[in-house]
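**Q** Here's a structure for you.
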Amino acid sequence: MRHISLGPGFEEEADTSVRPCDHPGCVAGGDFRAPKSRLQLRDYYWFCLEHVRTYNSAWNYYAGMNDTEIEAEIRHDTVWQRPSWRLGDRHGPGYAERIRDYFSSGAGNGRDRGRREGRSGGEAVQRALSAREQALAVFEIEPPFTPVRLKARYKALVKLHHPDAHGGDKASEEKLKIINQAYATLKASYFG
């Protein structure tokens, strides 16, 4: 703090705690921050406007990285620096039984194939369900629901699994048949 004289009888303390510019030889105030490196993004240099513009125009986040490291960094950023894994790779005991796979989308998985072919008790539980319960499972909807909500869910499933959206795929056609049958069952059971 220093004293400033504003005339006879008036003195005021001026705040001079402004940061100096971190550029060597610059006496201006450092009002603008810039990260020191990509590894120190929360540690800053403080520059004046002229020097922060110069620093930012020359700064390269990927400096010192090869193409493979840059690609890995970009891919890691697409998931917000969170770990990811392939669908079905992360599981523990009983994982396959906890997954509801009404459309057999995990068909390439050996664990699911055994269950679908009846080698475990999974299919026996599936057969014991009534037509209404199977339709509710396909729609993944719980009663009570309105006709509007049922129709909205039906439209969403049709849009997702329509064969035209999948290039005329036969598996999509079968899924659509299951969806249509489930819709008819639910309409008749609850609103018919």
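The values are calculated or read from the model by the stated rules, or taken from the named source; none is laboratory data. None of these values were measured; they are calculated from a predicted model. Here the Cβ is made from the backbone with ideal geometry for all residues, glycine too, and neighbour counts use every protein chain on show. For the accessible areas, the whole protein counts, side chains as well, though only heavy atoms, and no ligand, DNA or RNA atoms are used. Shrake-Rupley method; radii C 1.70, N 1.55, O 1.52, S 1.80 Å.
**Q** If you go through region 146-168 one residue at a time, how many are modelled with pLDDT under 85 and not small (Gly, Ala, Ser)?
**A** 1
**Q** Which count do you get for residues in region 136-171 that are over 18 Å from Ala188 (Cβ atoms) and either small (Gly, Ala, Ser) or in contact with a Cys (Cβ under 9 Å, 6 or more places away or on another chain) (or both)?
**A** Result for region 136-171: 6.
**Q** I need the full set of residues from region 20-37 which are among the charged types (D, E, K, R), loosely packed, with under 15 Cβ neighbours inside 10 Å and in a loop (DSSP other than H, G, I, E, B), in order please.
**A** The one that is among the charged types (D, E, K, R), loosely packed, with under 15 Cβ neighbours inside 10 Å and in a loop (DSSP other than H, G, I, E, B): Asp31.
**Q** Next question, about the same structure. Would you point out which residue out of Arg42, Arg53 is over 21 Å from Val18 (Cβ atoms) and either in a helix (DSSP H, G or I) or among the charged types (D, E, K, R) (or both)?
**A** Testing whether each residue is over 21 Å from Val18 (Cβ atoms) and either in a helix (DSSP H, G or I) or among the charged types (D, E, K, R) (or both) leaves just Arg42.
**Q** Before we move on, is Ala124 modelled with pLDDT of 85 or more and part of a helix (DSSP H, G or I)?
**A** On the way: modelled with pLDDT of 85 or more: no; part of a helix (DSSP H, G or I): yes.
No: the conditions fail for Ala124.
**Q** Okay, moving on. Please tell me if Arg75 is assigned to a helix (DSSP H, G or I), open to solvent by 60 Å² or more (accessible area, probe 1.4 Å), free of Cβ contacts under 8 Å to residues at least 60 places away in the same chain and at negative phi.
**A** Yes.
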